[in-house]
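Remarks on the structure that follows.
The values are calculated or read from the model by the stated rules, or taken from the named source; none is laboratory data. It should be emphasised that the depicted structure is a prediction, and the values quoted were computed from it without experimental measurement. Don't worry about glycine lacking a Cβ; one is built from the backbone with ideal geometry, like all the others, and counts go over all protein chains shown. What goes into the accessible areas is simple: the full protein's heavy atoms, side chains included, and nothing from ligands, DNA or RNA. Shrake-Rupley method; radii C 1.70, N 1.55, O 1.52, S 1.80 Å.
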Amino acid sequence: AFAVSVVSEGAEDETELPVLQKSEKSRTISKIGRELKEIVFVIQSQSNSFHSKRAEDLKRDILKQAVDLGKELPTVLLIHQIDRHEGAWTILPLMRDFSVTYGKNSSWIFFCEEDTRIQVLKLLETLRRFDKSKEWFLGKALYDEESTIIHHYAFAENPTVFKFPDFAAGWALSIPLVNKLAKKLKSEPLKSDFTIDLKHEIALYIWQKGEGPHLTPVPEFCTDDVNSYKVDHCATTFSNFLPLCGEPVNKEDVFVAVKTCRKFHGDRIPVVKQTWEKEAALIEYYSDFADISIPTVDLGVPNTDRGHCGKTFAILERFLNHTSPRTPWLVVVDDDTLISIFRLRKLLSCYDPNEPVFLGERYGYGLGTGGYSYITGGGGMVFSRTAVQRLLASKCRCYSMDAPDDMVLGMCFSGLGIPITHSPLFHQARPMDYPKDYLSHQIPVSFHKHWNIDPVKVYFTWLAPNTEESHNGKKVGYNREDL
C-alpha cells in the first residue's frame, strides 16, 4: 500500500518503486528462509542402494527448492543415516534426540517417504495455519472400515473413529509435541514387543488413550499422482505405483518355493494352481509328504503347528546347493500367499542381486530396546542368492525346528549387519484388512490368508497381470470389489 501511495504522488518518485519492491521481496525471502530453517525434514530412507539413491534425490530436490526460495536451508535427515540403531525406522526411539537437537530452534518435524514429492512453498503456507507453540499431529487421515488383526482389533465397536497418518502423504509433529513425547519416553520407555503397522502404532502412542492429540487431517497432504489434475492445492503428492528400473528380470531368474503340508494339499494348492503358478518358470512345493500329483518335495522336516524355521532353512540349503547358480532370486511364500510374480519381476529390476537383499514387508521385534527387524513371512520373503550365501556361511540357525522362521531370519541378518529392505507392496493380510485409501496409491505384489474371502477372486481382482495394464507409465483404474 505504501508503494502505491508513493507512485500516486508523482512521476519523480517512481524511481523508488523498484527499491521498495526489492525491499519487500527481500523481507519475504528472509521470512521464508527463517520458516524453512525451522522445519526438520526426515525422510524414511533405507540403506539398500536403490532406496538410498531415491532418498538422496528427494533430499537434493528439497534443498534445491529451498535455495530457489532464499538463502536459509532446512535440515534434511535420512533415517538410515541418523542412527545405526535397528529401531530408527520406528521413529519414536528418535524423539529424545530430536528434542535435544532441534527442540529450541525448530518448529516442526516433517516426515515423508522416499517417493513423497513436496512443494516446499505450499508446505510452508500449510504449516502457517497452525500455531507452532501448540501440540500438533498433522497428516492425511486413514482409518479402518472394520476392525482388523493388523491393529489387534483396536476400536472394535467403531474402528472408523481412530485416524492415523498415511506416511506417503507426509506427516508433521510440532516441536512442543516432540518435546512432550521425548519427556514421556524418558520416564516410560516403549513397552510394545512388536512393530506391525508403524503408522497406526505411532498414532496410538501420541493419542495416549485420549490424553494426547488426535491426528488433525490436512487436505494439502495428498497421495494423488503429481501429474493428476487434483493436485493444484497439494503441498505433497506421491507416486510409487510399481517401481521399474529397466526390463523386468527374466522368469528364469526367480525361483519360487511354496511352503505347504499334507493337510493343505487339497484346498490351498489348487488355489495356487488356479491363480499365480503359471507366472512362475521355476517353482517347487515343499511339504512333509511327497505327493506326485502336485508334485511336492518332502524335505524330511516334519510339519510343525507353529513356526517353520527348520523347513525354511532346508529350503535355503536346497536353493543354494540344488538350483542353478545363475538363478539370482529366491522367493519363499506360504501356500495361502497370493502373489504377482509378474509384478515382482518388475520390482526386482530395481535391486542388485550382487548385494545381500532380503526384501518384503518389514516388521520389528523389541526395537525400543535393541531388537531386530524382520520380513513377515506371509506376504512373501525375497532373497538374493548373495544374501542366502552370506546367511548359510554364518553359524546362525534355528534355535528350534518350530521357531518362527521369519523372526529367526531377521535376527540372523541383523547379526550379520545385513539390513532388511522394506516394500509396502507386500502384504501380510487380506485387501479388506487395509484402508481403501492406502491401497489406492499402490499396485500390490502380494496378499495373504484365505479367511472369509474367495482367494481366486481376490487374485484376479488385485494381482492378475491383466489388472496391471499401464498407459504412459500410469496405472489404469480397474474395479476392485470389497475383498
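Of the residues that sit in the stretch 352-375 and are at pLDDT 95 or above and either outside the structural domain of ASP405 (by the TED database) or aliphatic (A, V, I, L, M) (or both), which one is farthest from VAL388 (Cα to Cα)? Applying the filter and picking the extreme gives ILE375. Condition (residue is closer than 26 Å to GLU86 by Cα, of a type in the set (A, V, I, L, M), surrounded by fewer than 18 Cβ atoms within 10 Å (Cβ to Cβ) and not assigned by the TED database to the domain that holds PRO435) applied to the stretch 154-177: is it met by at least one residue? Scanning the stretch 154-177 turns up no residue that is closer than 26 Å to GLU86 by Cα, of a type in the set (A, V, I, L, M), surrounded by fewer than 18 Cβ atoms within 10 Å (Cβ to Cβ) and not assigned by the TED database to the domain that holds PRO435.
One residue alone among SER45, SER26 is at pLDDT below 90 and polar (S, T, N, Q), and that residue is SER26.
Taken over the stretch 140-167, the criterion of being touching a Lys or Arg at 6+ places or on another chain (Cβ under 8 Å) and not aromatic (Phe, Trp, Tyr) is satisfied by ALA141, LEU142, GLU145, PRO165, ASP166. Within the stretch 69-108, being open to solvent by less than 70 Å² (accessible area, probe 1.4 Å), assigned to a helix (DSSP H, G or I) and either touching a Lys or Arg at 6+ places or on another chain (Cβ under 6 Å) or of a type in the set (Ser, Thr, Tyr) (or both) holds for THR90, SER99, TYR102. When each of ALA387, ALA393 is tested for being at pLDDT 95 or above, assigned by the TED database to the domain that holds TRP329 and open to solvent by 40 Å² or more (accessible area, probe 1.4 Å), the lone residue that passes is ALA393. For PHE319, the stated conditions hold: it is in contact with a helix residue (DSSP H, G or I) (Cβ under 7 Å, 6 or more places away or on another chain) and open to solvent by less than 10 Å² (accessible area, probe 1.4 Å). Scanning the stretch 125-149 for residues that are open to solvent by 20 Å² or more (accessible area, probe 1.4 Å) and over 30 Å from SER107 (Cα atoms) yields GLU145, GLU146, SER147, ILE149. Of the residues making up the stretch 435-458, those that are farther than 18 Å from GLY377 by Cα and part of a loop (DSSP other than H, G, I, E, B) are PRO435, SER440, HIS441, GLN442, ILE443, ASN452, ILE453, ASP454. Filtered by the rule that a residue be touching a residue at least 60 places away in the same chain (Cβ under 8 Å) and at negative phi, the stretch 359-375 gives LEU359, GLU361, ARG362, TYR363, GLY364, TYR365, LEU367, GLY368, THR369, TYR372, SER373. Filtering LYS346, LYS273 for residues that are outside any loop (DSSP other than H, G, I, E, B), modelled with pLDDT of 95 or more and farther than 26 Å from HIS51 by Cα leaves a single hit, LYS273. In the stretch 288-300 there is no residue matching the filter, namely being buried (at least 16 other Cβ atoms within 10 Å of the Cβ) and either within 33 Å of the chain's Cα centre (by Cα) or not assigned by the TED database to the domain that holds ARG262 (or both).
Looking only at the stretch 114-124, residues that are under 17 Å from the mean Cα position of the chain (by Cα) and either open to solvent by 50 Å² or more (accessible area, probe 1.4 Å) or under 19 Å from LEU69 (Cβ atoms) (or both) come to 2 in all.
Selection of the stretch 409-434 for residues being part of a helix (DSSP H, G or I), farther than 26 Å from TRP451 by Cα and open to solvent by less than 10 Å² (accessible area, probe 1.4 Å) yields LEU409, GLY410, CYS412, PHE413. Scanning the stretch 382-417 for residues that are in contact with a helix residue (DSSP H, G or I) (Cβ under 8 Å, 6 or more places away or on another chain), polar (S, T, N, Q) and without any contact (Cβ under 8 Å) to a residue 60 or more places away in the chain yields a single hit, SER394. Can we say PHE110 is touching a Phe, Trp or Tyr at 6+ places or on another chain (Cβ under 7 Å) and touching a residue at least 40 places away in the same chain (Cβ under 8 Å)? Considered against the rule, which asks whether it is touching a Phe, Trp or Tyr at 6+ places or on another chain (Cβ under 7 Å) and touching a residue at least 40 places away in the same chain (Cβ under 8 Å), PHE110 comes out as yes.
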